[in-house]
Amino acid sequence: MAANAMIAALDARLRVLDEASLTRRRRTVETPCAPRLTIEGRSLLAFCSNDYLGLASHPAVVEALREGASMYGAGSGASHLISGHSRAHVQLEERLAATQAASIPEVRALSFATGYMANLAVLTALGIDADAELFCEALNHASLIDGARLARARVAVYPHSDVEALGAQLAASTAPTKIVVTDSVFSMDGDLAPLAAILALCERHGAWLVVDDAHGFGVLGEQGHGALAHLNLCSPQLVYMGTLGKAAGVAGAFVAAHASVIEWLIQRARPYIYTTAAPPALAHALLASMDIIEGAEGDGRRAHLNTLIARFRAELNVAPWTLGESATAIQPIIIGDNDAALRAGAALSGQGLWVPAIRPPTVAAGTARLRVTLSAAHTDEDVAQLVAALNDLERN
């Protein structure tokens, strides 16, 4: 096929996306991450960030990043297994392992450049054999879906939060290695997986439980230690992934698990072995972030965030649209139609509010939505402004 024909074929497929109101576009943000942003010359009050505790621009974290760059330079220069594993990485991994010590016996932690890489690493390394089987929650994040696709293991999908269906699948499996995989807080719905019941099944059937706590770490549990702490879970069969670019405000991710699991990842996880380590300056900044998350200031920020969530849910009236059942910072307003969701987002933008319209394939067809994310950096007045605008939106 000639180059012109190849390009024309792509253009035709792009037109199909556009006609279905599924085209996405990037917007250029000109100011630091915060509730009030300048986007392409416009000032907007944003409700679309995962900066749940408002740490991305926190002066102490920014200063620690500056200090880390002066101490360690701009980059790591190599993979962790060559010469890129810095003292800052060691200190961060020890600090992160301690956050899960009450939940995972003999715990170690391993840091990654992104949560996506961490999930690919875990699933491809644990599911490295063709006689293993992965049991995946239907609404898992794309990184978990892709990790399952890349693993050699067989894959079974169970319906959203359906513990009974998962139990039947595990009971029927003859795989010597079983791995259950789920988000904790689901990124588009904000609800929490029934982790206690799932862990009980895993212990009964001899399965690993991989928990992606991207939207729980820093926000849930005592000292922000995440979903396992929030639910008082403890088992050596837990494999925990937390991200560091959301509530922690910087970048990266970590996996916490029994020491033998972590050693296996170091030896066999290709996304860990064959990539340059994240800059040590980021790890140094994350140590400052952890000081805030685990301290009194973190407690205050979590309390304020929970107050904002409660106020938003109590005062919102978007019928006939549906507010999802979520007690977390992710508050989805289910509209259904793609065009209607885009119009609602555009109407809010016209009032100086940035709330993204989420459409397939990120969510199922017919469930397009406005995805409101709240932050401890928002004020009561910010949330009141958003609620008033949403309540007054024309429904069509």
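Using only alpha carbon pairs under 8 Å that are at least six residues apart, calculate the relative contact order of the chain and give it in whole percent.
Numbers: 800 pairs, mean separation 88.8, N = 396.
Once normalised by length, the contact order is 22 percent.
Charging the Cβ of each Asp and Glu at -1 and of each Lys and Arg at +1, and nothing else, the dipole of the stretch 59-294 about its Cα centre rounds to 620 debye.
Note on Val163 and Glu222: the extension gain reaches 18.6 nm, defined as 0.36 nm multiplied by sequence separation minus the Cα-Cα distance.
Contact order normalised by length for the stretch 59-294, with contacts defined as Cα pairs under 8 Å and 6 or more residues apart; what percent is it? Intermediate values should be presented prior to the final figure.
Values: 506 pairs, mean separation 75.4, N = 236.
Once divided by the residue count of the stretch 59-294, the mean separation gives 32 percent.
For the stretch 96-196, the relative contact order works out to 26 percent when only alpha carbon pairs closer than 8 Å and six or more residues apart are counted.
Each residue of the stretch 278-294 was assigned a 3J(HN,Hα) from its phi angle through the Karplus expression (A = 6.51, B = -1.76, C = 1.60, θ = phi - 60°), giving 4, x, x, 4, 5, 4, 4, 5, 5, 5, 5, 4, 5, 4, 6, 4, 8 Hz with x at Gly and Pro. The ranking of Arg27, Arg108, Arg369 by Cβ neighbour count inside 10 Å, starting from the fewest, reads Arg27, Arg108, Arg369. Taking amide H atoms as placed 1.01 Å from N in the peptide plane, the amide H of Val318 has no partner under 5 Å among residues 5 or more positions away or on other chains. Site pair Glu63 and Ala327 shows an inter-label distance of 3.7 nm when each label is modelled 7 Å from Cα along Cα→Cβ.
Listed from fewest to most Cβ neighbours within 10 Å, the set Tyr240, Tyr158, Tyr274 follows the order Tyr274, Tyr158, Tyr240.
For the chain, give the magnitude of the charge dipole about the Cα centre (Cβ charges: +1 Lys/Arg, -1 Asp/Glu; no others), in debye to the nearest 20.
Numbers: 29 positive and 39 negative charges, 178 e Å.
The dipole magnitude comes to about 860 debye.
Roughly how many whole Å is it from the C-alpha centroid of the stretch 251-309 to that of the stretch 21-91? A separation of 14 Å, based on Cα centres.
Rg over Rh of the chain, using C-alpha atoms and the Kirkwood radius, what does it come to? Show your work: numbers first, answer last.
Details: Rg = 21.5 Å, Rh = 22.1 Å.
In the chain, Rg relative to Rh is 0.97.
Note on Val210, Val157, Val107: ascending count of other Cβ atoms within 10 Å places them as Val157, Val107, Val210, the fewest first. Note on the stretch 1-124: dipole from Cβ charges, positive end direction compared against Ala2, Ala64, Thr38; the farthest Cα belongs to Ala2.
Rule-based calculations on the coordinates, nothing more; no lab input. For clarity, every value in this text was computed on a predicted model and none was experimentally measured. Cβ atoms come from the backbone with ideal geometry, glycine included; neighbour counts cover every protein chain shown.
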